[in-house]
Structure formats: C-alpha cells, structure tokens
Amino acid sequence: QVQLVESGGGLVQPGGSLRLSCPASGSISSIYTMGWDRQAPGKQRELVAAINRGGITNYADSVKGRFTISRDNAKNTVYLQMNNLKPEDTAVYYCYMDLPGRYWGQGTQVTVSS
C-alpha cells in the first residue's frame, strides 16, 4: 500500500511564501509523474503543477512565475514552492503520484489572507 502525506500548508498574508512537501511511503518501485492539484470552495479541482521523471514541468497559467515544483526521486518526495501568494490561491492542495496507478494525499489547507 502506498501513502502520500502533504505538509507545509497554513495561513499566510498576501505576498508571502509557503513550501509544500509530499513524501510517499510503501511499496514503490518507480514513480512517473508527480504533481499538485488544488480545490477552492465552490470550485472544481484544478491542476497546479506537475513534473515527470525527466524533470519536465507543467504549470497552470495562474501560477506561472510564482510557483515552482520539484522532486527528489531518492526520497520519493515532491515539493511545491509557492511565492507571492494571492488570496485566490486559497484552496486545499493535494499531491499525487503515478506509480503507475494514481495515488493522492489527503490534502493540506492553504489560506492567503490579511
């Protein structure tokens, strides 16, 4: 069984930064794509960023230039560095990994408010 556990969420003022982490544990032989989605209240879940095993990244237009996704394959961990946060970034952030078969974390709340 594979488990993903996000950490690093919290309350931050506009313009601030947070770094999310998501290590995977369990029976893991290889991880292909790692990524982050988010879901704001009353809105559909959306892709924030993804990174494949070769390090190629993909970002939502709304976070380009502010967020950076990275991965540590030795630690089976994906990170999301979020800078210049805006109130519209407020959401529950979920990490996922394709092992294959997609696995999700339980989510971590990010609130951007003054």
Worksheet item: Using a 1.4 Å probe, what is the accessible area per residue for the chain, in Å²?
Response: 52 Å²
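Computing the accessible area with a 1.4 Å probe over protein heavy atoms, can you report the carbon and sulfur percentage for the chain? Before the final figure, lay out the partial values.
Details: 2710 of 5910 Å².
Carbon plus sulfur share of accessible area: 46 percent.
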Response to the item:
SASA check, S70, accessible area w/ 1.4 Å probe, all protein chains in place, rounded to nearest 10 Å², comes out at 40 Å²
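Treat every Asp and Glu Cβ in segment 70-114 as -1 and every Lys and Arg Cβ as +1, leave all other atoms uncharged, and give the resulting dipole magnitude about the Cα centre to the nearest 20 debye.
100 debye
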Worksheet item: For segment 13-79, what is the relative contact order in percent, using Cα pairs closer than 8 Å and at least 6 residues apart in sequence?
Response: 33 percent
Worksheet item: How far is it, in nm, from the label point at S25 to the one at S114 when both lie 7 Å from their Cα along the line to the Cβ?
Response: 4.1 nm
Worksheet, complete the sentence: Under the Karplus relation with 6.51, -1.76 and 1.60 and θ = phi - 60°, whole-Hz ³J(HN,Hα) for segment 54-67, x at Gly and Pro, equal x, x, 6, 10, 9, 10, 5, 4, 5, 10, 4, x, 10, 10
Discussion item. I want to verify a result. In a Gaussian network model of the chain, Cα cutoff 10 Å, which of these has the top mean-square fluctuation: I28, I51, I69?
Written reply: I28
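Let me spell out the model: positive unit charges on the Cβ of Lys and Arg, negative unit charges on the Cβ of Asp and Glu, origin at the Cα centre of the chain. What dipole size does that give, in debye rounded to 20? Show your work: numbers first, answer last.
Details: 11 positive and 8 negative charges, 21 e Å.
Here the size comes out at about 100 debye.
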Response to the item:
Note on the chain: contact order normalised by length, alpha-carbon pairs under 8 Å, 6 or more apart, percent, works out to 37 percent
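The values are calculated or read from the model by the stated rules, or taken from the named source; none is laboratory data. Everything numeric in this text was worked out from a predicted model, so none of it was measured. No Cβ is skipped: glycine too gets one built from the backbone with ideal geometry, and neighbour counts run over all protein chains shown. In case anyone asks, the SASA skips ligands and DNA or RNA and just uses the protein heavy atoms, side chains included. Shrake-Rupley method; radii C 1.70, N 1.55, O 1.52, S 1.80 Å.
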